[in-house]
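Chemist: Take this structure first; my questions come after.
The values are calculated or read from the model by the stated rules, or taken from the named source; none is laboratory data. Keep in mind that what you see is a predicted model, and the values were worked out from it rather than measured. Heads up, the Cβs are rebuilt from the backbone with ideal geometry, glycines too, and the neighbour counts pull from every protein chain shown.
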C-alpha cells in the first residue's frame, strides 16, 4: 500500500488523556475533548513504531524521553486525515505482526 503523506499543520481532538507519564508535568499534559494543532508527525521507534504528534499548544521538548504525544490519543477533525491515520495505524499493526511472526520463526 502506498502511503499518502499528510500535510501539517492539522487539527485533532484529544480522545484519551489517561495514564499521563510521570515525565510530563500536568501543565504540559493534554485534556480529553480539547482541540490541538499537529505541527509534526513521526514514527516512534522506541514505542514499537507508534505514530507520534508534536502539538503547537503543548510543547514537551524538555520532557525527555518524551518528545511526541502518541497519535492514538487523538482523532483528526478532517475526514481525509482520519482515513490516513487509520490506514497508517493499520499498516504499522500489520508490520508489527509480521515482525513478531518472523521472530518466532527465528526462535525455532
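Chemist: What are the pairs, 6+ residues apart or on separate chains, where a residue within segment 63-74 that is part of a loop (DSSP other than H, G, I, E, B) has its Cβ under 8 Å from a residue that is at pLDDT 90 or above and exposed (fewer than 14 other Cβ atoms within 10 Å of the Cβ)?
Modeler: Matching pairs, first to second residue: 64/23; 65/23; 67/61; 68/40.
Chemist: Can I ask one more? Confirm whether residue 98 is modelled with pLDDT under 75 and either over 18 Å from residue 21 (Cβ atoms) or surrounded by 13 or more Cβ atoms within 10 Å (Cβ to Cβ) (or both).
Modeler: Criteria not met by residue 98.
Chemist: Follow-up. When segment 45-60 is examined, which residues are found to be in contact with a strand residue (DSSP E or B) (Cβ under 8 Å, 6 or more places away or on another chain), assigned to a loop (DSSP other than H, G, I, E, B) and either without any contact (Cβ under 8 Å) to a residue 24 or more places away in the chain or farther than 16 Å from residue 96 by Cβ (or both)?
Modeler: Selection gives 56, 57, 58, 60.
Here is a yes/no grid of residues against (1) modelled with pLDDT under 95; (2) surrounded by 11 or more Cβ atoms within 10 Å (Cβ to Cβ); (3) in a strand (DSSP E or B):
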position	(1), (2), (3)
2	yes, no, no
13	yes, yes, yes
18	no, no, no
22	yes, no, no
32	no, yes, no
43	yes, yes, yes
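Chemist: Filter segment 51-64 down to residues that are touching a helix residue (DSSP H, G or I) at 6+ places or on another chain (Cβ under 7 Å) and within 22 Å of residue 89 (Cα to Cα) and give me whichever is surrounded by the most Cβ atoms within 10 Å (Cβ to Cβ).
Modeler: Among those that are touching a helix residue (DSSP H, G or I) at 6+ places or on another chain (Cβ under 7 Å) and within 22 Å of residue 89 (Cα to Cα), it is 53.
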